[in-house]
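Here is the structure we will look at.
The values are calculated or read from the model by the stated rules, or taken from the named source; none is laboratory data. It should be emphasised that the depicted structure is a prediction, and the values quoted were computed from it without experimental measurement. All Cβ positions, glycine included, derive from the backbone under ideal geometry; neighbour counts span all protein chains shown. Quick note on the areas: whole protein, heavy atoms, side chains included, nothing else; ligands and nucleic acids left out. Shrake-Rupley method; radii C 1.70, N 1.55, O 1.52, S 1.80 Å.
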Amino acid sequence: TNMTHVEGGVHGADLEYEWVNKLFLNYIESESDMAMAVAAIKALTEVIKRSKAATMMGLEKELKTAADLLKRHNTHAAMSLSSGCELFTRFVTKASLDIPDFSECKTRLIRRGEQFAQKSMMSRNKIGQLAERFIRDGVTVLTHGFSRGVLAVLLRAAQQGNRFRVIVTESRPEPDGYALSERLAAERIPVTVIMDAGVAHAMERVDLVLCGAEAIVENGGIINKLGTYQISIVASAFNKPFYVAAESFKFTRLYPLSQSDLKDFTTRRDSSVYAGEQKSPRPLSPSVDAPYLDYTPPSYITLLFTELGVLTPSAVSDELIK
């Protein structure tokens, strides 16, 4: 699910930073549980370590070039990757104002960048602790996509001795649903995979929906894998709670009002994912609209589980202001 490619190839100015790209991809391939945003921050921390810049201004310029290169990865995680880069860039700017001494500032930034990966893993554990009481004995949970936050919640609930069932959507075209179901089955958690089109059919058997998020936006809505929005609508029609598990680094300063506001992030350039399914030759090739992500408005979300606490959607903007 972490397959990724860079839009537009490598340009002259980027050649110098191609090592950042390689390092980022290496982090993702070597640690399957590492979030894209964390891999990006680790790579940007390495930029600071190797930097020859003599001033804060020079260092910020190098980081911006490297971050822009990373942000060109066209993947379903482009949104959280982008928010990770922005989060770190904002922290660098703040540190440069707070710590006038350049070498001390650099040391502090490197330490903070290295701590971030550890903090991310701790965040998931905290989310698991906070959300575990919602996964009561005997419930059936529906989930969509492969979310490490959701996995942390379900594993924690199982470790506490709660017995529950999980229904996972296939989450096509990536094999996310099967990847998550294998992880759950390995922990002896009863799991069933359903077709993406079967959500309404299955909803009467479901007690709650639990999804991850690529981004949590300013109004408390979320941006997540395509299909999340319609699942939230079905859950609402059946009066079932819709919960979200995500780390606070997914908070993003965006305010989408409709699906079209996401087009920069959600367009899948390669529609060949569907091409192999055409069994019979067609005289005309249809145009395929296959976005990565959709936007779920806050009115469909019951609660968000983050390491900062269990939040209502309206509490998200308060957290973003802090």
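Any chance you could get the radius of gyration and Dmax over the Cα atoms of the chain, in Å?
20.4, 67
5 Å is the cut-off here: which amide hydrogens, built 1.01 Å from N in the peptide plane, fall below it relative to TYR295, excluding neighbours closer than 5 in sequence?
HN-HN under 5 Å from TYR295: empty list.
Along the charge dipole of the chain, Cβ charges K/R +1 and D/E -1, which of PHE134, ILE223, PHE249 sits furthest on the positive end?
PHE134
Modelling each spin label as a point 7 Å along the Cα-to-Cβ direction, I'd like the LEU15/ASN239 distance in nm, to one decimal.
Between LEU15 and ASN239, the simple spin-label model gives 6.6 nm.
Output wanted: per-residue J couplings in Hz (rounded whole) for the stretch 129-146, from phi through Karplus 6.51 cos²θ - 1.76 cosθ + 1.60, θ = phi - 60°, x for Gly and Pro.
Here the 3J(HN,Hα) series is 5, 5, 8, 4, 5, 7, 9, 6, 4, x, 7, 10, 10, 9, 9, 9, x, 10 Hz.
Evaluate the distance, in nm, between pseudo-label points positioned 7 Å from the Cα of VAL310 and of ASP137 along their respective Cα→Cβ axes.
1.9 nm
Straight-line reach only, C-alpha to C-alpha below 24 angstrom: list the lysines that LYS126 could link to, leaving out same-chain residues fewer than 8 apart.
LYS42, LYS225, LYS250, LYS322
From the residues SER83, SER120, PRO173, which one has its Cα farthest along the dipole of the stretch 79-176 in the positive direction, the dipole being from +1 and -1 charges on Cβ of Lys/Arg and Asp/Glu about the Cα centre?
Highest projection toward the positive end goes to SER120.
Calculate one ³J(HN,Hα) per residue across the stretch 169-174 by plugging θ = phi - 60° into the Karplus curve 6.51 cos²θ - 1.76 cosθ + 1.60, and present them in order as whole Hz with x for glycine and proline.
6, 4, 6, 5, x, 6
List every residue whose amide H lies under 5 Å from the amide H of VAL166, counting only residues 5 or more places away in sequence or on a different chain, with H placed 1.01 Å from N in the peptide plane.
It is VAL141, VAL191, THR192, by chain and number.
Could you give the size of the charge dipole of the chain about its Cα centre, using +1 on the Cβ of each K and R and -1 on the Cβ of each D and E, expressed in debye and rounded to the nearest 20?
Details: 38 positive and 38 negative charges, 98 e Å.
It works out to roughly 460 debye.
How large is the dipole of the stretch 113-269 about the Cα centre if only Lys and Arg carry +1 and Asp and Glu carry -1, each at its Cβ, rounded to the nearest 20 debye?
On the way: 20 positive and 16 negative charges, 51 e Å.
With only Lys, Arg, Asp and Glu charged at Cβ, the dipole is about 240 debye.
Tell me what the chain gives for mean residue ellipticity at 222 nm when only DSSP H runs of n ≥ 4 count, each as -39,500 (n - 2.57), the sum divided by the residue total, rounded to 500 deg cm²/dmol.
My calculation for the chain gives -15000 deg cm²/dmol from helical runs alone.
Under the classification rounded if a/c is under 1.5, otherwise prolate if a/b is larger than b/c and oblate if not, where does the stretch 144-210 fall, given a ≥ b ≥ c as square roots of the Cα gyration tensor eigenvalues? Intermediate values should be presented prior to the final figure.
Numbers: a/c = 1.97, a/b = 1.32, b/c = 1.50.
Verdict is oblate for the stretch 144-210.
Sort TYR229, TYR243 by accessible area with a 1.4 Å probe, largest first. List each step's numbers first, then the result.
Values: TYR229 70, TYR243 25 Å².
Accessible-area ranking of TYR229, TYR243, largest first: TYR229, TYR243.
Just to check I understand the Karplus step: with θ = phi - 60° and J = 6.51 cos²θ - 1.76 cosθ + 1.60, what whole-Hz values come out for the stretch 176-184, glycine and proline as x?
Couplings: 4, x, 5, 4, 5, 5, 5, 5, 5 Hz.
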